[in-house]
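Participant: Below are the structure tokens for one structure; questions will follow.
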Amino acid sequence: MKKRLLSCIVCICMVLCSLNAVVFAKDSETIVILYENDVHCAVEGYSKLVAMKNELKTDYEYVGVVSSGDFVQGGTLGAVSKGEYIVNLMNIVGYDAIGLGNHEFDYTISRLTELYELSETKYISCNFAKIGEEKTYFEPYTIVSYGDVDIAYIGIITPETITSARPSQFRNENGEIIYTFNESRLYELVQESIDEATEDGADYVIALSHIGYDESGELNDVTDVIENTDGLDVVLDAHSHSVIEEKIVKDKSGDDVLLSSTGTGFENIGKLTIANGEFDTELVKTETYTKTDADVDAYIAEINESYAELGNRKIGESKVELITHNEEGTRLVRTAETNLGNLCSDALFFVTNADVSYVNGGGLRAPIKSGDMTFNDIYSVFPFNNRIVTAEITGQVLLDMLEMSMISYPQEDGAFPHMSGITFSVNKSIPSSIKVDENGFFTKVDGDYRVYDVKVLDKESGNYKALELDKKYILAAADYYILNFGSGMSMFKDAKVVESEGMLDVEVLERYITDNLNGVIGEEYKDVVNRITFTDGYENADNEDKAVTRAEAIVALWNMEGSPASDFAMKFDDVSAETPYAEAIRWAAAVKIVNGCSESSFAPDDVLTREQLAAILWRYAKSENIDVSIGENTNILSYEDVFTVSDYAIPAFQWTCGSGIMSGNTISTLAPKNAVNESQLEEALFRYSENVKS
């Protein structure tokens, strides 16, 4: 009886255990991959990421975590430790694969290599290599097994890294580029990695892409990578800080590829679910997920304490909000001037005593709130540890730099200029004619400049004076630009460096706030002081030095002549006797200074071009019986755009250039179709009086 009872109890227990096993069995058919990108040292998110991972592991057998790059830089924790704190945190999380972003190179390749050795998950990239070596610097892909399913992760880094992350690190001691991100072979290398991973047994292929997404569709972006390859199943993208929950893009073969991106700063945590060959992505808003991980929280508290004394010290207060984004959340600093940009460029200008200062919009990483201000607050603005360099450059180099900084406008560009000691205008109607080499470095301007009316502050008089192309100016900017030619600024290669061992940018900002502003950022920085004027043409109502019309130029010449009367029977239908400029145009037509745009039209309100001004002055000199043969042998063929000069203006340009009345718009261009503004007309008439009449 006892044996029979014991057997029943055992049977009951076995049944209950089997039922319990069914109830609590984990899903081993579904794979869940958590993903993030562009964290930029928002370290609190790692705690929630671990908590979410652990929570999912109670229901799913296979839960992974991956990153698409830009994790070591963006905050004080990253900068103070040069990425080590962040790598330690990611080791606690436990990643399956880590793709690299351009900012992983901010502390140089040698430091990235050290971080690679510290990381328990090895980094991947299929397109970064040392020139001349067949093997990529990091492994192009890694295959991770989730039960019977093998997933290949391929790393892709934006080719822009060659110019956006301390370009000098990619050169040898002779200045020769020795590393490449293979922009011209990008699609080919991605395809090779897909094919190799598939041959290695991968069931699915996922790209950890740091290329970026362009909503306008005008720029090359991650969709171009997808459309020019086949075999990818999912692309987890980064770099543009886009929020893409789920987007389908057709690959080269017409198959669907799932694209997703989480934004930036742990705005979201991505969740990729793979079940029965189907892929699904969703974004979980990090702020709505409240669970955290105790181990991560403890480590963050430990490292915060290690530098808190330095970072939390008060350096002053701000009476105003200093912004990087507008109220709608749109990032401004890469397309427009801001009061934060004014503050930072002023800091460089006044602390270094340079003639002109330049801060790039991509270097302004965080706003400053009103109220008490700590070192951490300004360090978040300037987290790159850039050293401020001063260099002597010509006006021509400065003009080329400005033109290069506007190469992408109105699209976002990290090189967008925030400047002090200078004002200038940008003609949006002219497409950029910048020419760059195969690595994106400046070679020349091959056409009209978008940038015009450049004026530099004369500190003695307090007035802004027109830029002189041959004059030397002292520029203050980050070593990233002057020494490393960041954003392709290779026009600095021959610059004479005045000071290369100066303060870090954050130190300059601190000194300006404490010494120059006495610790208070006041109402003077409430509103933006625009040093740049954007126009749709050369005429702008808000620009004091506006473009001159044809009628205005003739009136100025007529006044210089003493406003003579004329009874010439003028036949221009668009110049009525009642207009204030009629008598001036009548006189000019009588002495054959002007011919009109046709026999019956003068076009008085059209903007005067440089070649028209040259022709008017040339004819004016001939009307005064002045010998204009002085310019007949002037070699204007040295100007690259001489063949764009209209036939009627060629002898006029020869004479005006030969007599010193006019010169090239730059050292190498005449820009004959560019508009003439008021100061340029005034200068030409002054030179006529000085060089010719006298």
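Yes/no per residue for (1) of a type in the set (A, V, I, L, M, F, W, C); (2) outside any loop (DSSP other than H, G, I, E, B); (3) open to solvent by less than 20 Å² (accessible area, probe 1.4 Å); (4) without any contact (Cβ under 8 Å) to a residue 12 or more places away in the chain:
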residue	(1), (2), (3), (4)
E104	no, yes, yes, no
R111	no, yes, no, no
L115	yes, yes, yes, no
E120	no, no, no, no
N127	no, no, yes, no
E133	no, no, no, yes
V144	yes, yes, no, no
D150	no, yes, no, no
I154	yes, yes, yes, no
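Participant: Within the range 508-528, can you find the residues that are under 21 Å from G362 (Cβ atoms) and open to solvent by 40 Å² or more (accessible area, probe 1.4 Å)?
Facilitator: V528
Participant: Which of the residues belonging to the range 475-492 are open to solvent by 10 Å² or more (accessible area, probe 1.4 Å) and under 15 Å from S357 (Cβ atoms)?
Facilitator: Our first condition is that a residue be open to solvent by 10 Å² or more (accessible area, probe 1.4 Å); within the range 475-492, this holds for 478-480, 483-485, 487, 490-491.
Once the filter is applied, which keeps residues that are open to solvent by 10 Å² or more (accessible area, probe 1.4 Å) and under 15 Å from S357 (Cβ atoms), the range 475-492 yields A478, D479, Y480.
Participant: Something else about it: Take the residues in the range 445-465 that are part of a strand (DSSP E or B) and within 27 Å of the chain's Cα centre (by Cα); name whichever of them is nearest to K546 (Cα to Cα).
Facilitator: As a first pass, look at the range 445-465 and keep what is part of a strand (DSSP E or B): 445, 451-458, 463-465.
Subsequent filtering for residues that are within 27 Å of the chain's Cα centre (by Cα) retains 445, 451-457.
Values: V445: 24, V451: 14, Y452: 11, D453: 9, V454: 12, K455: 13, V456: 17, L457: 18 Å.
Selected residue: D453.
Participant: Say whether the condition of being within 21 Å of the chain's Cα centre (by Cα), farther than 21 Å from I274 by Cα and assigned to a helix (DSSP H, G or I) is met by at least one residue in the range 207-223. If you could, list the steps in order and put the result at the bottom.
Facilitator: Residues of the range 207-223 that are within 21 Å of the chain's Cα centre (by Cα), as a first pass: 209-223.
Remaining after also requiring farther than 21 Å from I274 by Cα: 210-223.
When the remaining residues are screened for being assigned to a helix (DSSP H, G or I), the result is 222-223.
Scanning the range 207-223 turns up at least one residue that is within 21 Å of the chain's Cα centre (by Cα), farther than 21 Å from I274 by Cα and assigned to a helix (DSSP H, G or I).
Participant: Here's a follow-up. Only residues that are part of a helix (DSSP H, G or I), in contact (Cβ under 8 Å) with a residue 12 or more places away in the chain and either hydrophobic (A, V, I, L, M, F, W, C) or touching a His at 6+ places or on another chain (Cβ under 6 Å) (or both): list them for the range 267-316, please.
Facilitator: Taking the range 267-316 and keeping what is part of a helix (DSSP H, G or I), we get 286-288, 294-311.
Next, only the ones that are in contact (Cβ under 8 Å) with a residue 12 or more places away in the chain stay: 286, 295-297, 299-300, 303-304, 307, 310-311.
Matches in the range 267-316: V296, I300, I303, L310.
Participant: Let me ask another. Give me the pairs, please: first residue somewhere in the range 452-470 and under 18 Å from T669 (Cα atoms), second residue anywhere and among the polar types (S, T, N, Q) and open to solvent by 50 Å² or more (accessible area, probe 1.4 Å), beta-carbon distance under 8 Å, and either six or more positions apart or on two chains.
Facilitator: That search, which allows pairs on different chains as well, returns A466/Q680.
Participant: For the list (1) free of Cβ contacts under 8 Å to residues at least 12 places away in the same chain; (2) part of a loop (DSSP other than H, G, I, E, B), I need the number of the one condition that I248 fails.
Facilitator: (2)
Participant: I'd like the full set of residues that are of a type in the set (F, W, Y) and under 14 Å from M419 (Cα atoms), limited to the range 305-358. First the steps, then the outcome.
Facilitator: Step one: filter the range 305-358 for residues of a type in the set (F, W, Y), giving 307, 349-350, 358.
Within the range 305-358, F349, F350, Y358 meet the criteria.
Participant: Would you please name the residue that is modelled with the highest pLDDT, looking only at residues in the range 67-82 that are hydroxyl-bearing (S, T, Y) and either in a strand (DSSP E or B) or open to solvent by 10 Å² or more (accessible area, probe 1.4 Å) (or both)?
Facilitator: Going residue by residue through the range 67-82, those that are hydroxyl-bearing (S, T, Y) are 67-68, 76, 81.
Subsequent filtering for residues that are either in a strand (DSSP E or B) or open to solvent by 10 Å² or more (accessible area, probe 1.4 Å) (or both) retains 67, 76, 81.
Working: S67: 98, T76: 73, S81: 84.
Checked the range 67-82; the qualifying residue modelled with the highest pLDDT is S67.
Participant: Select from the range 558-568 the residues that are open to solvent by less than 70 Å² (accessible area, probe 1.4 Å) and outside any helix (DSSP H, G or I) and list them in ascending order.
Facilitator: Hits for the range 558-568 are G562, S563, P564, S566.
Participant: Shifting gears a bit: If we scan the range 493-507, do we find a residue that is crowded, with 21+ Cβ neighbours inside 10 Å and assigned to a helix (DSSP H, G or I)?
Facilitator: yes
Participant: Being in contact with a helix residue (DSSP H, G or I) (Cβ under 8 Å, 6 or more places away or on another chain) and open to solvent by 40 Å² or more (accessible area, probe 1.4 Å) is the requirement here; does P672 meet it?
Facilitator: Values: in contact with a helix residue (DSSP H, G or I) (Cβ under 8 Å, 6 or more places away or on another chain): yes; open to solvent by 40 Å² or more (accessible area, probe 1.4 Å): no.
Judged against the criteria, P672 is not a match.
Participant: Determine which member of the set E282, E309, E321 is open to solvent by 60 Å² or more (accessible area, probe 1.4 Å) and in contact with a Gly (Cβ under 8 Å, 6 or more places away or on another chain). Full working, then the answer.
Facilitator: Details: E309 fails: in contact with a Gly (Cβ under 8 Å, 6 or more places away or on another chain); E321 fails: in contact with a Gly (Cβ under 8 Å, 6 or more places away or on another chain).
Checking each option against the conditions leaves just E282.
Participant: To continue, here is another question. Within the set of pairs 6+ apart or on separate chains, which have a first residue in the range 182-205 that is open to solvent by 40 Å² or more (accessible area, probe 1.4 Å), a second that is among the basic types (K, R) and not in a helix (DSSP H, G or I), and C-beta atoms under 9 Å apart?
Facilitator: Listed pairs, sorted by first residue: Y187/K252.
Participant: Kindly list the number of the only condition in (1) modelled with pLDDT of 95 or more; (2) hydrophobic (A, V, I, L, M, F, W, C); (3) in a helix (DSSP H, G or I); (4) closer than 19 Å to T264 by Cα that fails for A51.
Facilitator: With (1) modelled with pLDDT of 95 or more; (2) hydrophobic (A, V, I, L, M, F, W, C); (3) in a helix (DSSP H, G or I); (4) closer than 19 Å to T264 by Cα applied to A51, the lone miss is (4).
Participant: Restricting to strands (runs of 3 or more DSSP E) lying wholly in the range 327-418: which have 1 or more residues that are open to solvent by 30 Å² or more (accessible area, probe 1.4 Å)?
Facilitator: Numbers: elements: 356-360, 371-374, 388-394.
Hits in the range 327-418: 371-374, 388-394.
Participant: Given the condition crowded, with 21+ Cβ neighbours inside 10 Å, among the charged types (D, E, K, R) and under 28 Å from S563 (Cβ atoms), answer yes or no: does some residue in the range 612-632 qualify?
Facilitator: There is no residue in the range 612-632 that is crowded, with 21+ Cβ neighbours inside 10 Å, among the charged types (D, E, K, R) and under 28 Å from S563 (Cβ atoms).
The values are calculated or read from the model by the stated rules, or taken from the named source; none is laboratory data. Quick caveat: nothing in here was measured; it's all calculated off a predicted structure. For neighbour counting, all protein chains shown are included, and Cβ atoms are generated from backbone atoms with ideal geometry for every residue, glycine included. For the accessible areas, the whole protein counts, side chains as well, though only heavy atoms, and no ligand, DNA or RNA atoms are used. Shrake-Rupley method; radii C 1.70, N 1.55, O 1.52, S 1.80 Å.
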